[in-house]
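Student: After the structure tokens below, expect a handful of questions from me.
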Amino acid sequence: MARIFAVANQKGGVGKTTTTVNLSAALAAHGQRVLLVDLDPQGNATMGSGVDKRSLPASVYHLLVGLNTLAEVRARSEAGGYDVLPSNRDLAGAEVEMVDLDNRENRLRDALRAVDDEYDFVLVDCPPSLSMLTLNGLCAAHGVIIPMQCEYYALEGLSDLVNTIKQVHAKLNRDLKIIGLLRVMFDPRSTLSQQVSAQLESHFGDKVFKAVIPRNVRLAEAPSHGLPGVVFDKAAKGSQAYLAFAAEMIERIKTI
């Protein structure tokens with residue numbers, strides 16, 4: 001049975017896509033069968049996986065509105081060693097079209113049931129807003145991974161996201177829970193980063209992952225080469241941190 005995790009944060013620019021792509025590649029490097037679902041119309045996770053969003057025969061948009069099956073949409077990240085449900089600008093139109101569809105918030109969940117026994121992990125890269133696309137990701141997931149920077153505004157946004165997850169859990173998906181908070185773009189030299197990190201550990205306890213992703217230039221360079229950072233430069237500190245995070249995730253799901 002595949003474990004489905006939404007990588008979500010309503011604040012933009014916090015490393016959701018970087019985390020989804022690199023965790024997918026890191027889990028694959030640990031021998032796991034992984035499917036990445038790109039639910040962001042920008043298609044950055046698609047491009048970062050080495051899949052050209054401009055020449056897709058079909059995308060996750062076609063899957064959500066019922067025009068294509070999952071098998072017809074699925075692509076392969078040869079470099080990363082995982083499968084991708086790719087995205088492009090077409091997905092922006094899905095918001096409007098899905099309003100009139102039956103069971104609109106569960107379109108992704110229903111589609112993923114067809115491949116439940118083919119993967120160990122399904123990671124969903126959600127857009128930075130509470131949209132119908134994000135709602136589909138949350139309704140399909142068993143849990144949420146929240147990447148966040150250790151800064152004041154990130155704490156403000158976190159409370160909103162936690163409330164959203166509670167509402168989805170209560171009304172739409174009783175399986176949904178917060179799996180953990182991942183500290184990303186971490187600068188150990190910053191006093192504020194250290195203080196916010198300590199606050200997170202104090203308030204959320206073991207919900208805060210032990211792995212910490214440092215601010216790393218090699219991770220930022222990797223997408224321009226169409227490669228996950230853990231493939232582009234495996235020895236980089238950021239890549240090593242994501243590999244450690246993948247190992248922690250594999251252990252954590254044994255207790256879920």
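Every number in this text was worked out from the coordinates using simple rules, so none of it is lab data. In this text, all values refer to a predicted model and were calculated from it rather than measured experimentally. All Cβ positions, glycine included, derive from the backbone under ideal geometry; neighbour counts span all protein chains shown.
Student: Relative contact order (percent) for the stretch 64-114, with alpha-carbon contacts under 8 angstrom and 6 or more residues of separation?
Tutor: Once normalised by length, the contact order is 44 percent.
Student: What is the set of long-range amide H partners of Asp120 at a cut-off below 5 Å, with H atoms built 1.01 Å from backbone N?
Tutor: Arg33, Val34
Student: Hey, another quick one. What is the distance in Å between the Cα centroid of the stretch 73-119 and that of the stretch 179-237?
Tutor: Cα centroid of the stretch 73-119 versus Cα centroid of the stretch 179-237: 27 Å apart.
Student: What does the charge count around Arg252 come to, taking other residues whose C-beta lies under 15 Å from its C-beta (Lys +1, Arg +1, Asp -1, Glu -1)?
Tutor: Net charge in that neighbourhood comes out at +1.
Student: Could you run the Karplus curve 6.51 cos²θ - 1.76 cosθ + 1.60 with θ = phi - 60° over the stretch 239-256 and give me ³J(HN,Hα) per residue in whole Hz, x for Gly and Pro?
Tutor: Per residue, the Karplus-derived 3J(HN,Hα) values read 5, 4, 5, 5, 5, 5, 5, 4, 4, 5, 5, 4, 6, 5, 5, 5, 9, 7 Hz.
Student: Further question on the same structure: As a check on your grasp of the helix formula, calculate [θ] at 222 nm for the chain: sum -39500 (n - 2.57) over DSSP H runs of n ≥ 4, divide by the residue count, round to the nearest 500.
Tutor: Computed mean residue ellipticity for the chain: -11500 deg cm²/dmol.
Student: Shifting gears a bit: Taking trypsin sites (Lys or Arg not before Pro) as candidate sites, keep only those in a DSSP loop with at most 12 other Cβ atoms within 10 Å, then name the longest stretch of the chain containing none of them.
Tutor: 1-173
Student: Among the aspartates and glutamates, which have Cα under 18 Å from the Cα of Lys254 when same-chain residues fewer than 8 positions away are ignored?
Tutor: Answer for Lys254, where 18 Å is the Cα cut-off: Asp116, Asp117, Asp120, Asp175, Asp206, listed by chain and number.
Student: Going down the list Lys16/Lys207; Lys11/Lys177; Lys16/Lys166; Lys16/Lys53; Lys166/Lys237; Lys166/Lys207, which pairs span over 25 Å between their C-alpha atoms?
Tutor: Pairs exceeding the cut-off: Lys166/Lys237.
Student: Between Met98, Met148, Met47, which gets the highest mean-square fluctuation from a Gaussian network model of the chain, Cα cutoff 10 Å?
Tutor: Ranking Met98, Met148, Met47 by mean-square fluctuation puts Met98 first.
Student: Taking θ = phi - 60°, what integer Hz values does the Karplus form 6.51 cos²θ - 1.76 cosθ + 1.60 yield along the stretch 102-118, in sequence order, with x for Gly and Pro?
Tutor: So the J values, rounded to whole Hz, are 5, 6, 4, 7, 10, 4, 5, 4, 5, 5, 6, 4, 5, 10, 4, 8, 9.
Student: Report the antiparallel proportion of the DSSP beta bridges in the stretch 3-255 as a percent, rounded to a multiple of 5.
Tutor: Around 10 percent of the beta bridges assigned by DSSP in the stretch 3-255 are antiparallel ones.
Student: Near Gly180, within a Cβ-to-Cβ distance under 11 Å, what is the net charge of the other residues, with Lys and Arg +1 and Asp and Glu -1?
Tutor: +3
Student: What residues of the stretch 49-76 lie in the reach of a label at Glu118, counting those whose backbone N is under 13 Å from a point 7 Å from the Cα along Cα→Cβ?
Tutor: 69-76
Student: Over the stretch 3-255, what is the mean sequence separation of C-alpha contacts under 8 Å (at least six apart), divided by residue count, expressed as relative contact order in percent?
Tutor: Result for the stretch 3-255 is 26 percent.
Student: Relative contact order for the stretch 1-100: what percent, with Cα pairs under 8 Å and sequence separation of 6 or more?
Tutor: Computed over the stretch 1-100, the figure is 29 percent.
Student: Going by C-beta contacts inside 10 Å, put Thr20, Thr134 in order with the fewest on the left.
Tutor: Thr134, Thr20
Student: Residues with beta-carbon under 14 Å from that of Glu221, excluding Glu221: net charge, scoring Lys, Arg +1 and Asp, Glu -1?
Tutor: Net charge in that neighbourhood comes out at +3.
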